[in-house]
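Below is one structure, written out as structure tokens; the observations come after it.
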Amino acid sequence: MPEIKMLPTMLKDLKIQDTDHYYNCVFTKVHDNVGIYSIPAVNALTGTMSQDIVDDVNNYLEDVNDNSANPTLAANISGDQSFLDINHPLMKGYCEQILKSAQVYQNFLNTNKTNNYIAIPTFQSCWSVKMNSGDYNPKHRHEVSSLEGFASIFYTKVPEQISIDFNKSYSSDYKKSSFTRKDGCLEFFWDNISPSTIDSQTIVPNVGDYYIFPIWLLHSVNPYRGDGQRWSVQSNFDLFTDFEIQRNLKLNE
Ligand SMILES: [Fe+2]
């Protein structure tokens, strides 16, 4: 009876020599010309708005401090969380670009579906978050009126201490990347699909940058130290399908 040692031998041979992060996957080199691609389970859109748009939105935000959105949100902050008027003239540039990007994102996601449907993104809600040093936002997801939807975040003011702290500890070594400082950073979390895939992503906020992601994607914001407020604008988008529109019409008859 031959001794079966296949599994231990394979494991011994699979000596991981190198790991690299790419935009949409992790490549783990096993040995020369052989490696494993680990593809994350989430696609998100990212873009940058012009300084003119940032300035317009910040001029508008200066005057909106009624904390109207505070009772409906997960974060309990010392700053301000206010609903915004997407029809305000100073919001025009932001609204046009974020809506256009939401449509691009929707088109991209639909290309990956075998059973396509048409659902045009529409604004469901929009609010500002002005954080002070020490404020944080616990892990949460967003909700919209339709079954599926998008959430988004746009950074308009970021204390420089956040990127200084992150860059101090940043390492290109994947094994050490879990230990980078993440003060004031946004973090995305999702279910892991195998032992070799990643299940979270840290986003360092930069003025002008924005992200669009599925409403179900859990995320949090870490507290930071240092001077100055951290400002961002959030928009949720409904994705009503024809089926949902027809059903809602019938329910309202
Ligand atoms: Fe959020």
Task: N206 vs. criteria more than 16 Å from the ligand (Cβ to nearest atom), under 20 Å from D135 (Cα atoms) and out of contact with any Leu (no Cβ under 8 Å at 6 or more places or on another chain) - done: yes
Open item on the list: Being in a loop (DSSP other than H, G, I, E, B) and either farther than 29 Å from D242 by Cβ or more than 12 Å from the ligand (Cβ to nearest atom) (or both) is the filter here; which residues of region 122-142 pass it?
Closed with: N132, S133, G134, D135, Y136
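Restricting attention to region 212-247, which residues are basic (K, R) and in contact (Cβ under 8 Å) with a residue 12 or more places away in the chain?
Once the filter is applied, which keeps residues that are basic (K, R) and in contact (Cβ under 8 Å) with a residue 12 or more places away in the chain, region 212-247 yields R225, R230.
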Task: Matching residues in region 211-228 - criterion: being farther than 14 Å from N137 by Cα and either polar (S, T, N, Q) or away from the ligand (no atom under 13 Å from the Cβ) (or both) - done: R225, G226, D227, G228
Open item on the list: Can you tell me how many residues within region 194-213 are within 12 Å of I153 (Cα to Cα) and assigned to a strand (DSSP E or B)?
Closed with: 6
TODO: Identify all residues within region 60-74 that are within 14 Å of the ligand (Cβ to nearest atom) and either among the hydroxyl-bearing types (S, T, Y) or under 18 Å from G228 (Cβ atoms) (or both); write none if there are none.
DONE: T72
Open item on the list: Of the residues L73, L84, L61, only one is under 17 Å from A151 (Cα atoms), assigned by TED's automatic domain parsing to the domain that holds H219, within 23 Å of the chain's Cα centre (by Cα) and buried (at least 17 other Cβ atoms within 10 Å of the Cβ); which?
Closed with: L84
TODO: Might you check whether a residue that is part of a loop (DSSP other than H, G, I, E, B) and either aliphatic (A, V, I, L, M) or away from the ligand (no atom under 15 Å from the Cβ) (or both) occurs anywhere in region 88-110?
DONE: yes
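The values are calculated or read from the model by the stated rules, or taken from the named source; none is laboratory data. On a predicted model such as this, the values are computed, not experimentally measured, just so you know. Cβ sites come from the backbone with ideal geometry, for glycine too, and all protein chains shown count toward neighbours.
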